[in-house]
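Below you'll find the structure, written out as C-alpha coordinates, and then a few comments.
The values are calculated or read from the model by the stated rules, or taken from the named source; none is laboratory data. Predicted model only: the values in this text are computed from it and were never measured. Because the Cβ atoms are built from the backbone with ideal geometry, glycine has one as well, and the counts that use them run over all protein chains shown. Accessible surface is based on the protein model in full, side chains and every heavy atom, while ligands, DNA and RNA are left aside. Shrake-Rupley method; radii C 1.70, N 1.55, O 1.52, S 1.80 Å.
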Amino acid sequence: METQIRKLDYEAIDMNTIEEAGRVLKEGGLVAFPTETVYGLGGDALNPASSEKIYAAKGRPSDNPLIVHIAEKADVYRIAEEVPEQAERLMEAFWPGPLTLIFSKKDLVPDKTTGGLSTVAVRMPSDKIAAAFIRASGGFVAAPSANASGRPSTTTAAHVAEDLNGRIEMILDGGQAVIGLESTIVDVSGDLPVILRPGVITGTMIEAVIGPVETDRAVIAPDSHVRPKAPGMKYRHYAPRASLTIVEGETAAVVAAVNELTAKAEAEGKRVGIIAADETAGCYEKGLVRSLGARSREEEISRHLFEVLRGFDETDVDCIYSESFGDAAIGQAIMNRLLKAAGHRVVRV
Ligand code: TXA
Ligand code: MG
(Lines give C-alpha, C1' and ligand atoms only; values in the text may rest on other atoms or scores of the structure.)
(Ligands and ions follow the chains in the order given, each with its own letter.)
Protein backbone atom coordinates (compact mmCIF):
# COMPACT_ATOMS: atom_id res chain seq x y z
CA MET A 1 0.00 0.00 0.00
CA GLU A 2 1.19 3.50 -0.74
CA THR A 3 1.04 5.80 2.28
CA GLN A 4 -0.26 9.30 1.46
CA ILE A 5 1.47 12.06 3.44
CA ARG A 6 -0.61 15.25 3.70
CA LYS A 7 0.86 18.44 5.13
CA LEU A 8 -1.61 20.55 7.07
CA ASP A 9 -1.41 24.13 8.29
CA TYR A 10 -2.81 24.88 11.77
CA GLU A 11 -3.72 28.42 10.69
CA ALA A 12 -5.93 27.15 7.85
CA ILE A 13 -6.67 23.44 8.24
CA ASP A 14 -7.67 22.00 4.86
CA MET A 15 -11.03 20.41 5.57
CA ASN A 16 -11.01 18.43 2.32
CA THR A 17 -7.97 16.53 3.56
CA ILE A 18 -9.58 16.06 6.98
CA GLU A 19 -12.77 14.71 5.37
CA GLU A 20 -10.74 12.36 3.21
CA ALA A 21 -8.84 11.08 6.27
CA GLY A 22 -12.16 10.63 8.10
CA ARG A 23 -13.50 8.54 5.20
CA VAL A 24 -10.40 6.32 5.31
CA LEU A 25 -11.12 5.62 8.98
CA LYS A 26 -14.84 4.98 8.50
CA GLU A 27 -13.94 2.47 5.77
CA GLY A 28 -11.68 0.60 8.20
CA GLY A 29 -8.31 2.08 7.19
CA LEU A 30 -5.56 3.64 9.33
CA VAL A 31 -4.43 7.27 9.49
CA ALA A 32 -1.57 8.63 11.60
CA PHE A 33 -2.25 12.10 12.98
CA PRO A 34 -0.55 14.73 15.13
CA THR A 35 -1.53 15.36 18.74
CA GLU A 36 0.01 17.73 21.27
CA THR A 37 1.85 14.80 22.91
CA VAL A 38 3.08 12.45 20.16
CA TYR A 39 1.70 11.24 16.81
CA GLY A 40 -1.11 8.70 17.05
CA LEU A 41 -1.88 5.76 14.75
CA GLY A 42 -5.63 6.08 14.34
CA GLY A 43 -8.29 3.52 13.52
CA ASP A 44 -12.05 3.39 14.15
CA ALA A 45 -12.26 2.54 17.87
CA LEU A 46 -15.69 0.93 17.48
CA ASN A 47 -14.56 -1.40 14.68
CA PRO A 48 -12.70 -4.49 15.98
CA ALA A 49 -11.13 -5.09 12.54
CA SER A 50 -9.54 -1.63 12.67
CA SER A 51 -8.00 -2.35 16.07
CA GLU A 52 -6.57 -5.59 14.69
CA LYS A 53 -5.03 -3.64 11.84
CA ILE A 54 -3.44 -1.22 14.31
CA TYR A 55 -1.78 -4.07 16.21
CA ALA A 56 -0.53 -5.58 12.96
CA ALA A 57 0.84 -2.28 11.57
CA LYS A 58 2.77 -1.57 14.77
CA GLY A 59 3.84 -5.14 15.40
CA ARG A 60 2.25 -4.68 18.82
CA PRO A 61 1.04 -7.49 21.11
CA SER A 62 -2.76 -7.48 21.01
CA ASP A 63 -3.15 -7.70 24.81
CA ASN A 64 -1.99 -4.08 24.92
CA PRO A 65 -5.11 -1.85 25.03
CA LEU A 66 -5.57 1.25 22.87
CA ILE A 67 -6.57 4.75 23.99
CA VAL A 68 -9.88 5.97 22.54
CA HIS A 69 -9.61 9.61 21.42
CA ILE A 70 -12.68 11.86 21.44
CA ALA A 71 -13.33 15.46 20.36
CA GLU A 72 -16.35 16.27 22.56
CA LYS A 73 -16.35 15.86 26.35
CA ALA A 74 -19.90 14.53 26.26
CA ASP A 75 -18.78 11.55 24.16
CA VAL A 76 -17.07 10.01 27.18
CA TYR A 77 -20.54 9.11 28.53
CA ARG A 78 -21.22 7.02 25.41
CA ILE A 79 -18.29 4.67 26.05
CA ALA A 80 -17.71 4.80 29.83
CA GLU A 81 -20.06 2.78 32.06
CA GLU A 82 -19.44 5.09 35.00
CA VAL A 83 -17.83 8.53 35.13
CA PRO A 84 -16.95 9.24 38.78
CA GLU A 85 -17.16 12.79 40.10
CA GLN A 86 -13.37 13.00 40.53
CA ALA A 87 -12.98 12.15 36.85
CA GLU A 88 -15.38 14.92 35.92
CA ARG A 89 -13.27 17.39 37.88
CA LEU A 90 -10.13 16.19 36.08
CA MET A 91 -11.91 16.47 32.71
CA GLU A 92 -12.97 20.00 33.62
CA ALA A 93 -9.41 20.97 34.61
CA PHE A 94 -7.35 19.22 31.92
CA TRP A 95 -9.50 18.35 28.88
CA PRO A 96 -8.84 18.93 26.11
CA GLY A 97 -5.20 18.12 26.88
CA PRO A 98 -2.56 15.50 27.65
CA LEU A 99 -4.52 13.48 30.21
CA THR A 100 -5.92 9.98 29.63
CA LEU A 101 -8.54 8.59 32.03
CA ILE A 102 -9.43 4.93 32.49
CA PHE A 103 -13.08 4.02 33.04
CA SER A 104 -15.12 0.84 33.20
CA LYS A 105 -16.28 0.39 29.60
CA LYS A 106 -19.63 0.08 27.87
CA ASP A 107 -20.28 -2.79 25.45
CA LEU A 108 -20.11 -0.38 22.52
CA VAL A 109 -16.32 -0.53 22.83
CA PRO A 110 -15.07 -3.79 21.30
CA ASP A 111 -12.82 -6.06 23.38
CA LYS A 112 -10.27 -5.91 20.58
CA THR A 113 -9.81 -2.18 21.25
CA THR A 114 -9.23 -2.67 24.97
CA GLY A 115 -7.04 -5.76 24.67
CA GLY A 116 -9.76 -7.81 26.36
CA LEU A 117 -10.00 -5.51 29.42
CA SER A 118 -13.32 -4.40 30.91
CA THR A 119 -11.96 -0.85 31.13
CA VAL A 120 -11.37 1.75 28.43
CA ALA A 121 -8.76 4.54 28.26
CA VAL A 122 -10.16 7.85 26.98
CA ARG A 123 -8.36 11.02 25.94
CA MET A 124 -9.51 14.30 24.42
CA PRO A 125 -6.51 15.89 22.67
CA SER A 126 -6.16 19.68 22.46
CA ASP A 127 -4.47 19.53 19.06
CA LYS A 128 -6.74 21.22 16.47
CA ILE A 129 -5.89 18.83 13.62
CA ALA A 130 -6.51 15.86 15.91
CA ALA A 131 -9.90 17.25 17.00
CA ALA A 132 -11.03 17.94 13.41
CA PHE A 133 -9.88 14.49 12.31
CA ILE A 134 -11.65 12.73 15.21
CA ARG A 135 -14.90 14.55 14.36
CA ALA A 136 -14.59 13.61 10.68
CA SER A 137 -13.96 9.98 11.66
CA GLY A 138 -17.18 9.51 13.61
CA GLY A 139 -15.97 10.63 17.04
CA PHE A 140 -14.07 7.64 18.45
CA VAL A 141 -10.51 7.10 17.25
CA ALA A 142 -8.38 4.33 18.76
CA ALA A 143 -4.77 5.45 18.67
CA PRO A 144 -1.58 4.16 20.18
CA SER A 145 1.59 6.14 19.59
CA ALA A 146 2.45 5.95 15.87
CA ASN A 147 5.72 4.05 16.14
CA ALA A 148 6.76 0.49 15.45
CA SER A 149 6.38 -1.45 18.70
CA GLY A 150 9.48 -1.06 20.89
CA ARG A 151 10.83 2.04 19.13
CA PRO A 152 10.65 5.58 20.54
CA SER A 153 7.30 7.32 20.02
CA THR A 154 7.07 9.67 17.05
CA THR A 155 7.02 13.46 17.27
CA THR A 156 7.14 14.30 13.54
CA ALA A 157 5.46 12.92 10.40
CA ALA A 158 8.91 11.90 9.10
CA HIS A 159 9.38 9.65 12.18
CA VAL A 160 5.99 8.08 11.52
CA ALA A 161 6.93 7.41 7.89
CA GLU A 162 10.22 5.82 9.05
CA ASP A 163 8.30 3.21 11.04
CA LEU A 164 4.97 2.82 9.22
CA ASN A 165 5.43 3.77 5.56
CA GLY A 166 3.59 1.27 3.34
CA ARG A 167 1.61 -0.13 6.29
CA ILE A 168 -1.06 2.59 6.68
CA GLU A 169 -3.23 4.60 4.30
CA MET A 170 -2.33 8.12 5.33
CA ILE A 171 -0.21 10.37 7.55
CA LEU A 172 -1.47 13.85 8.49
CA ASP A 173 1.60 16.03 8.90
CA GLY A 174 1.17 18.77 11.49
CA GLY A 175 4.87 19.43 12.10
CA GLN A 176 6.62 18.78 15.41
CA ALA A 177 4.54 17.67 18.41
CA VAL A 178 4.72 20.40 21.05
CA ILE A 179 4.97 18.27 24.20
CA GLY A 180 6.88 15.25 22.92
CA LEU A 181 5.92 12.83 25.73
CA GLU A 182 2.77 10.73 25.85
CA SER A 183 -0.19 11.72 28.02
CA THR A 184 -0.44 11.19 31.76
CA ILE A 185 -2.67 8.16 32.42
CA VAL A 186 -4.91 8.10 35.51
CA ASP A 187 -7.06 5.08 36.36
CA VAL A 188 -10.31 6.39 37.82
CA SER A 189 -12.14 3.06 37.59
CA GLY A 190 -11.27 1.94 41.13
CA ASP A 191 -11.76 3.36 44.63
CA LEU A 192 -8.61 5.49 44.61
CA PRO A 193 -7.30 7.23 41.48
CA VAL A 194 -3.92 5.81 40.38
CA ILE A 195 -1.37 7.35 38.01
CA LEU A 196 -0.31 4.57 35.62
CA ARG A 197 1.97 6.67 33.41
CA PRO A 198 3.49 10.04 34.32
CA GLY A 199 3.31 12.92 31.82
CA VAL A 200 3.43 16.71 31.72
CA ILE A 201 0.27 16.84 33.83
CA THR A 202 2.02 15.94 37.06
CA GLY A 203 0.82 14.22 40.22
CA THR A 204 1.00 17.57 42.00
CA MET A 205 -1.31 19.16 39.41
CA ILE A 206 -3.75 16.27 39.70
CA GLU A 207 -3.74 16.34 43.50
CA ALA A 208 -4.48 20.07 43.41
CA VAL A 209 -7.78 19.18 41.71
CA ILE A 210 -8.91 15.94 43.39
CA GLY A 211 -6.71 15.40 46.46
CA PRO A 212 -4.49 12.37 47.10
CA VAL A 213 -3.69 10.03 44.22
CA GLU A 214 -1.50 6.96 44.17
CA THR A 215 1.21 6.32 41.64
CA ASP A 216 1.62 2.80 40.25
CA ARG A 217 4.80 1.51 41.86
CA ALA A 218 6.14 0.34 38.50
CA VAL A 219 6.38 3.98 37.38
CA ILE A 220 8.91 4.90 40.03
CA ALA A 221 10.50 1.53 40.80
CA PRO A 222 14.29 1.63 40.40
CA ASP A 223 14.24 -1.76 38.68
CA SER A 224 12.05 -3.15 35.93
CA HIS A 225 10.73 -6.15 37.86
CA VAL A 226 7.56 -4.61 39.24
CA ARG A 227 4.66 -5.48 36.93
CA PRO A 228 2.92 -2.28 35.82
CA LYS A 229 -0.88 -1.90 35.81
CA ALA A 230 -0.95 -0.37 32.30
CA PRO A 231 -0.29 -3.46 30.18
CA GLY A 232 1.82 -1.53 27.66
CA MET A 233 4.23 -0.28 30.31
CA LYS A 234 5.66 -3.77 30.81
CA TYR A 235 7.15 -3.97 27.31
CA ARG A 236 10.64 -2.89 26.38
CA HIS A 237 10.20 0.54 24.95
CA TYR A 238 11.84 3.52 23.37
CA ALA A 239 15.14 1.67 23.12
CA PRO A 240 17.75 2.97 20.68
CA ARG A 241 19.86 0.32 18.94
CA ALA A 242 23.01 1.36 20.84
CA SER A 243 23.18 0.46 24.53
CA LEU A 244 22.13 3.43 26.63
CA THR A 245 23.39 4.18 30.15
CA ILE A 246 22.17 7.03 32.37
CA VAL A 247 24.77 8.77 34.52
CA GLU A 248 23.32 10.36 37.65
CA GLY A 249 24.82 12.77 40.19
CA GLU A 250 25.99 16.37 40.64
CA THR A 251 26.51 18.10 37.29
CA ALA A 252 30.30 18.44 37.51
CA ALA A 253 30.69 14.82 38.60
CA VAL A 254 28.40 13.61 35.78
CA VAL A 255 30.37 15.54 33.15
CA ALA A 256 33.66 14.14 34.49
CA ALA A 257 32.30 10.59 34.61
CA VAL A 258 30.83 10.76 31.08
CA ASN A 259 34.15 12.11 29.75
CA GLU A 260 35.97 9.26 31.45
CA LEU A 261 33.52 6.57 30.26
CA THR A 262 33.67 7.99 26.73
CA ALA A 263 37.47 7.99 26.64
CA LYS A 264 37.52 4.42 27.90
CA ALA A 265 34.94 3.20 25.36
CA GLU A 266 36.71 4.97 22.50
CA ALA A 267 39.99 3.38 23.57
CA GLU A 268 38.21 0.03 23.13
CA GLY A 269 37.31 1.04 19.57
CA LYS A 270 33.68 1.92 20.31
CA ARG A 271 31.82 4.95 18.99
CA VAL A 272 30.07 6.91 21.72
CA GLY A 273 26.99 9.10 21.76
CA ILE A 274 26.24 11.55 24.58
CA ILE A 275 22.85 12.97 25.58
CA ALA A 276 23.37 16.33 27.27
CA ALA A 277 21.62 19.66 27.89
CA ASP A 278 22.54 23.05 26.39
CA GLU A 279 24.18 24.01 29.68
CA THR A 280 26.66 21.10 29.55
CA ALA A 281 26.94 20.15 25.86
CA GLY A 282 30.17 22.12 25.50
CA CYS A 283 31.85 20.26 28.39
CA TYR A 284 32.34 16.99 26.53
CA GLU A 285 35.70 16.43 24.88
CA LYS A 286 34.83 13.47 22.69
CA GLY A 287 31.85 11.51 21.42
CA LEU A 288 28.83 12.54 19.35
CA VAL A 289 27.03 15.03 21.60
CA ARG A 290 23.29 15.73 21.22
CA SER A 291 21.54 18.25 23.44
CA LEU A 292 17.89 17.87 24.43
CA GLY A 293 17.66 21.65 25.00
CA ALA A 294 18.02 24.00 27.94
CA ARG A 295 17.35 22.65 31.43
CA SER A 296 16.02 26.11 32.26
CA ARG A 297 13.25 25.47 29.70
CA GLU A 298 12.26 21.93 30.62
CA GLU A 299 9.58 21.68 27.92
CA GLU A 300 12.47 21.65 25.41
CA ILE A 301 13.91 18.56 27.10
CA SER A 302 10.68 16.58 26.80
CA ARG A 303 10.00 17.82 23.26
CA HIS A 304 13.33 16.53 21.94
CA LEU A 305 13.83 13.31 23.92
CA PHE A 306 12.34 10.84 21.41
CA GLU A 307 13.81 12.72 18.45
CA VAL A 308 17.31 12.46 19.92
CA LEU A 309 16.88 8.77 20.83
CA ARG A 310 15.72 8.05 17.26
CA GLY A 311 18.47 10.22 15.81
CA PHE A 312 21.17 7.99 17.31
CA ASP A 313 19.78 5.09 15.28
CA GLU A 314 20.82 7.03 12.16
CA THR A 315 24.41 7.09 13.40
CA ASP A 316 26.93 4.31 14.00
CA VAL A 317 27.36 4.82 17.76
CA ASP A 318 27.74 1.61 19.81
CA CYS A 319 26.93 3.05 23.20
CA ILE A 320 25.26 6.17 24.54
CA TYR A 321 25.76 7.92 27.89
CA SER A 322 23.00 10.24 29.02
CA GLU A 323 22.83 12.87 31.70
CA SER A 324 19.90 12.50 34.09
CA PHE A 325 16.89 14.83 33.87
CA GLY A 326 14.97 14.04 37.05
CA ASP A 327 15.14 17.54 38.54
CA ALA A 328 12.56 19.10 36.24
CA ALA A 329 8.95 19.42 37.43
CA ILE A 330 8.15 16.93 34.67
CA GLY A 331 11.30 15.00 35.60
CA GLN A 332 9.34 11.91 36.61
CA ALA A 333 7.81 11.66 33.13
CA ILE A 334 11.13 12.28 31.37
CA MET A 335 13.01 9.79 33.55
CA ASN A 336 10.26 7.16 33.22
CA ARG A 337 10.85 7.15 29.41
CA LEU A 338 14.64 7.49 29.64
CA LEU A 339 14.94 4.64 32.17
CA LYS A 340 12.91 2.36 29.90
CA ALA A 341 15.05 3.33 26.92
CA ALA A 342 18.13 2.49 28.99
CA GLY A 343 16.68 -0.81 30.19
CA HIS A 344 17.22 0.70 33.69
CA ARG A 345 21.02 0.87 33.28
CA VAL A 346 22.07 3.68 35.63
CA VAL A 347 25.51 4.66 36.92
CA ARG A 348 25.52 6.83 40.06
CA VAL A 349 28.53 9.08 40.60
O1 TXA B 1 -0.31 10.80 24.46
C2 TXA B 1 -0.77 9.68 24.28
O3 TXA B 1 -1.41 9.08 25.15
C4 TXA B 1 -0.58 9.03 22.89
C5 TXA B 1 -1.31 9.89 21.85
C6 TXA B 1 -1.33 9.28 20.48
O7 TXA B 1 -2.61 10.17 22.32
N8 TXA B 1 -1.02 7.67 22.88
C9 TXA B 1 -0.32 6.68 23.49
O10 TXA B 1 -0.86 5.41 23.30
O11 TXA B 1 0.69 6.86 24.13
P12 TXA B 1 -0.03 4.08 23.59
O13 TXA B 1 -0.92 2.99 23.09
O14 TXA B 1 1.31 4.15 22.98
O15 TXA B 1 0.05 4.00 25.14
C16 TXA B 1 -1.12 3.76 25.87
C17 TXA B 1 -0.81 3.13 27.20
C18 TXA B 1 -0.29 1.71 27.08
O19 TXA B 1 0.74 1.53 28.04
C20 TXA B 1 -1.53 0.88 27.44
O21 TXA B 1 -1.20 -0.36 28.00
C22 TXA B 1 -2.24 1.79 28.43
O23 TXA B 1 -2.04 3.07 27.91
N24 TXA B 1 -3.68 1.53 28.49
C25 TXA B 1 -4.60 1.68 27.50
N26 TXA B 1 -5.82 1.29 27.89
C27 TXA B 1 -5.69 0.87 29.17
C28 TXA B 1 -6.59 0.32 30.13
N29 TXA B 1 -7.87 0.14 29.86
N30 TXA B 1 -6.09 0.00 31.35
C31 TXA B 1 -4.78 0.19 31.65
N32 TXA B 1 -3.88 0.70 30.77
C33 TXA B 1 -4.32 1.03 29.56
MG1 MG C 1 3.32 3.83 22.81
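Using heavy-atom solvent-accessible surface (probe 1.4 Å) with all chains present, what is the largest-first order of S126, S322?
Details: S126 50, S322 0 Å².
These residues rank, largest area first, as S126, S322.
Which number comes out as Rg/Rh for the stretch 109-160 once both Rg and the Kirkwood Rh are worked out on C-alpha atoms? Write out the running numbers ahead of the final one.
On the way: Rg = 12.9 Å, Rh = 12.9 Å.
Taking Rh as the inverse mean 1/r over Cα pairs, Rg/Rh reads 1.00.
Which one of G282, V349, V255 is farthest out on the positive end of the charge dipole of the chain, using unit charges on Cβ (Lys, Arg +1; Asp, Glu -1) and the Cα centre as origin?
V349
Compute the relative contact order of the stretch 100-193 as a whole-number percentage, counting only Cα pairs closer than 8 Å that sit 6 or more residues apart in sequence. List each step's numbers first, then the result.
Working: 84 pairs, mean separation 30.2, N = 94.
Relative contact order for the stretch 100-193 comes out at 32 percent.
Which lysines have a Cα lying under 27 Å from the Cα of K286, excluding residues fewer than 8 positions away in the same chain?
K264, K270, K340
With θ set to phi - 60° and the Karplus curve 6.51 cos²θ - 1.76 cosθ + 1.60, what are the ³J(HN,Hα) couplings of the stretch 280-292 in order, to the nearest whole Hz, using x for Gly and Pro?
10, 4, x, 8, 9, 7, 10, x, 8, 8, 10, 9, 7
Is there a pair in K112/K229; K7/K106; K58/K105; K26/K106; K73/K112; K105/K229 whose C-alpha atoms are over 28 Å apart, and which pairs would that be?
Details: K112/K229 18 Å; K7/K106 36 Å; K58/K105 24 Å; K26/K106 21 Å; K73/K112 23 Å; K105/K229 17 Å.
Check vs 28 Å cut-off fails for K7/K106.
Compute the accessible area per residue over the chain, keeping the other protein chains in place, probe 1.4 Å, unit Å². Working shown, then result.
On the way: 14430 Å² over 349 residues.
Accessible surface, normalised per residue, equals 41 Å².
If I histogram all Cα-Cα distances within the stretch 269-349 using bins 10 Å wide from 0, what percent of pairs lands in each bin?
Spelled out per bin, shortest first, that is 18, 55, 26, 1.
Quick check: Cα centre of the stretch 287-344 to Cα centre of the stretch 161-176, how many Å?
23
Over the Cα atoms of the chain, how large are the radius of gyration and the largest Cα-Cα distance (Dmax), in Å?
Over the chain's Cα set, Rg and Dmax evaluate to 20.1, 61 Å.
In square angstrom, rounded to the nearest 10, how much accessible surface does D75 have for a 1.4 Å probe?
Counting only protein heavy atoms, the figure is 20 Å².
Determine the share of the stretch 1-57's accessible area contributed by carbon and sulfur atoms, expressed in whole percent, with a 1.4 angstrom probe.
Here it works out to 48 percent.
So for R227, R217, R167, what's the accessible-area order with a 1.4 Å probe, most first?
On the way: R227 175, R217 150, R167 120 Å².
I get R227, R217, R167, largest accessible area first.
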